[in-house]
Amino acid sequence: MAAITAAMVGELRAKTDAPMMECKKALTEADGDMARAEEILRVKLGGKASKASSRVTAEGVVATYIAGNVGALVEINSETDFVAKNDDFLAMANLAAKLVAENNPADVAALAALPADGKTFDDVRTALIGKIGENMTVRRFQRFETTGKLASYLHGTRIGVMVEYEGADEQVGKDVAMHIAAMKPVALSAEQVPAELIEKERSVAELKAKEDAEKAAAEGKPAQSPEILAKRLEGSVQKYLKEVSLLNQAFVKNDKQSIEQMLKAANTTIKAFTMYVVGEGIEKKVDDFAAEVAAQMAANKQ
């Protein structure tokens, strides 16, 4: 049995907004597996357990660059939020986006080798590390080149979106990019939602149905028929697909319209999009401040 620490409970609470004791119970049941504990809480608490799951876990910025029909989206990470606000760090991120758009590097290593102001980009990065004293890394980038148009949106510097579209009204492209940053779809259409995400959602729905059935049995209520249960599970999956596919989402500027309806009215087609959230999926080191202070006091007494 894995040891469940206060830090683990705190991390799960930050991700799910679930009560502390529920987080501890879920982690105990999951034997310390954070992802499994999140899933357990979703079954027990429903949507409450996922409302904060998109919170970032590392620092840095997202930068964009567009020149005509070519553009780039880049995420660069830093150790602290303080450095992420540094003007030199922001300039380096913007330089990276420009280099990606103009040179089409194959990967991060190829970007590092690109010339920049008489040096390589990696020289620029290394010099800034030496100046500030904090590590900085290029995590990922996406380059766009299209016969259509490009639009981007930055929510501060922590969420960045690039949209490839066809249509006469440039404001529509900008509106869709802003919508994506707000609603965070995982795919353009329901058909493009990754199979593993659908299966995970189906698994959660099945576990929830099982818990409901056990509760009903304990209360002496009749069990649902297999047909009704199957419809319920399929309904849960379809609801999920509607929530996470861009075209099916309600438009943030007019919730009476879906994105698909809004685009049709504007004679616009979305071909592709990419969204980066700073630190998404990166485990952030959690410092135990109280333990650190206690250790320093103990050292001072010696």
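Each stretch of four or more DSSP H residues adds -39500 (n - 2.57); spread over every residue of the chain, this sum gives -15500 deg cm²/dmol at 222 nm.
The Cα-based radius of gyration of the range 128-251, divided by its Kirkwood radius, gives an Rg/Rh of 1.18. On the beta carbon distance between Ala168 and Glu29, with R0 = 51 Å, the FRET formula returns roughly 0.40. Using Cα pairs closer than 8 Å and at least 6 residues apart in sequence, work out the relative contact order for the chain, in percent. Result for the chain is 19 percent. Can you work out the base-10 log of I(q)/I(0) for the chain at q = 0.09 1/Å, using the Debye formula on its C-alpha atoms alone? With no solvent term, the Cα-only Debye profile gives -0.60.
Highest mobility in the GNM of the chain, judged by mean-square fluctuation with C-alpha springs under 10 Å and restricted to Gly281, Gly60, Gly220, is found for Gly220.
Extension gain, Lys131 to Glu145, is 1.5 nm, computed as 0.36 nm per intervening residue step minus the present C-alpha separation.
Projecting the Cα atoms of Leu73, Val43, Ala106 onto the charge dipole of the chain (Cβ charges, centred on the Cα centre) puts Val43 farthest toward the positive pole. Over 23 Å between Cα atoms: which of Lys174/Lys200; Lys24/Lys242; Lys208/Lys239 fall into that group? From Lys174/Lys200; Lys24/Lys242; Lys208/Lys239, over 23 Å: Lys174/Lys200; Lys24/Lys242. Solvent exposure of the chain, expressed per residue, is 56 Å² of accessible area, with all protein chains present and a 1.4 angstrom probe. The length gained on full extension between Gln257 and Ala230, counted as 0.36 nm times the residue separation minus their Cα-Cα distance, comes to 6.7 nm.
Between Asp212 and Val186, the modelled labels are 2.1 nm apart [label points 7 Å from Cα along Cα→Cβ].
Over the chain, what percent of the accessible surface lies on carbon and sulfur atoms, probe 1.4 Å?
Within the chain, the accessible surface is 53 percent carbon and sulfur.
For the range 124-131, the Karplus equation 6.51 cos²θ - 1.76 cosθ + 1.60, evaluated at θ = phi - 60°, returns couplings of 4, 4, 5, 5, 6, 4, x, 6 Hz by residue, with Gly and Pro reported as x. Computed from the C-beta positions of Lys119 and Asn94 and an R0 of 22 Å, the FRET efficiency is 0.85 to the nearest 0.05.
The values are calculated or read from the model by the stated rules, or taken from the named source; none is laboratory data. Treat the numbers as computed from the prediction; the structure is a model and nothing was measured. All Cβ positions, even for glycine, are placed from backbone atoms using ideal geometry, and neighbour counts span all protein chains on display. Areas reflect the complete protein model, heavy atoms only, side chains present, ligands, DNA and RNA absent. Shrake-Rupley method; radii C 1.70, N 1.55, O 1.52, S 1.80 Å.
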